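Enquirer: Can you read through this structure? Questions will come right after.
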Amino acid sequence: YVNEAEAATDLALFDDLLSCLESQYDINNHRVYTMGFSAGALWSTYLSLHRSEYLASAVIFSGGTGLFPYTTPESRIPALVVWGGAPDVYMGVIKFDQMSESLVQSLVNDGHLVIACDHGGGHTLPFGALSWAYEFLTPHQWGQPSESFLEPGGMDSFPDYCQAY
């Protein structure tokens, strides 16, 4: 489970890195995204819940909540959540299907745009995932989530096992 003191240190590091990038490189701070797989997805999940006021959208590949509690994000954050069904288990203990489904349900209940994709292939990235992850991230700007995925044809480039909420 997540050690809150260590998580606070990681959040402070994120805050400092973002601040440095903004001051040194004049980044577009309306287009800050997070994406991760497995442990990286757990961090992206945590970051999405605790720093949504800085993120335009998130892609979570085999992450979710369960090792830490769901906390309602401060700002609306569109999320693409992808997992590998019941066989998406790490070390026989971490059940990413349950954690991903829990995250999806919590975000949907809180009114966030979510695309949920259960590819059923275990603890792997499905074929083409990075291209449709990029397609998901780019239409979103902070404070202006795109609802285009909910429109007719908005999900045409996503696999049939994906569902928009």
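Enquirer: Take each of the peptides 142-149, 6-13, 33-40, average the number of other beta-carbon atoms within 10 Å over its residues, and list them starting from the highest.
Expert: 33-40, 142-149, 6-13
Enquirer: Can I ask one more? How high is the relative contact order of the range 73-133, in percent, with contacts defined as C-alpha pairs under 8 Å that are six or more residues apart?
Expert: Relative CO of the range 73-133 lands at 45 percent.
Enquirer: May I pose another question? Apply the Karplus curve 6.51 cos²θ - 1.76 cosθ + 1.60, θ = phi - 60°, to the phi angles in the range 91-99 and return the couplings in whole Hz, x for Gly and Pro.
Expert: Listing the rounded values in order: 6, x, 10, 8, 9, 5, 5, 5, 5 Hz.
Enquirer: Which value in deg cm²/dmol, rounded to the nearest 500, describes the helix-derived mean residue ellipticity at 222 nm for the chain, given -39,500 (n - 2.57) per DSSP H run of n ≥ 4 and division by the residue count?
Expert: Calculated mean residue ellipticity at 222 nm is -11000 deg cm²/dmol.
Enquirer: When you count, for each residue, the other Cβ atoms within 10 Å and take the mean per peptide, how do 15-24, 118-127 rank with the highest first?
Expert: 118-127, 15-24
Enquirer: Also, I was wondering about something else. Order 132-139, 152-159 from most to least packed using the mean count of other Cβ atoms within 10 Å.
Expert: In decreasing order of mean packing, 132-139, 152-159 become 132-139, 152-159.
Enquirer: Just one of [x] 157; [y] 106; [z] 143 is volume of the Cα convex hull per residue in Å³ as worked out from the coordinates here. Which one is it?
Expert: The calculated read-out lines up with [y].
Enquirer: While we're on this one: Under 4.7 Å Cβ to Cβ, no partner at all: give me those cysteines from the chain, in residue order.
Expert: Isolated Cys, the chain: Cys20.
Enquirer: Just want the answer: with Cβ charges of +1 for Lys and Arg and -1 for Asp and Glu, which residue in Tyr25, Val108, Tyr54 is farthest toward the dipole's positive end in the chain?
Expert: Selected residue: Val108.
Enquirer: Which value, in debye to the nearest 20, describes the size of the charge dipole of the chain about its Cα centre when Lys and Arg Cβ atoms bear +1, Asp and Glu Cβ atoms bear -1, and nothing else is charged?
Expert: With Lys and Arg at +1 and Asp and Glu at -1, about 160 debye.
Enquirer: Now for a separate question. What percent do you get for the relative contact order of the range 19-102 when only Cα pairs under 8 Å and 6+ apart count?
Expert: Relative contact order here is 25 percent.
Enquirer: Using Cα pairs under 8 angstrom and six or more residues apart, how large is the relative contact order of the chain, in percent?
Expert: 21
Enquirer: How much net charge surrounds Trp132 when only other residues with a Cβ under 13 Å from its Cβ are counted (Lys, Arg +1; Asp, Glu -1)?
Expert: Result for the neighbourhood of Trp132: -3.
Coordinate-derived values only; no laboratory data. In this text the structure is predicted, and so the values were computed from the model without any measurement. Virtual Cβ from ideal backbone geometry, glycine too; neighbours counted across all protein chains shown.
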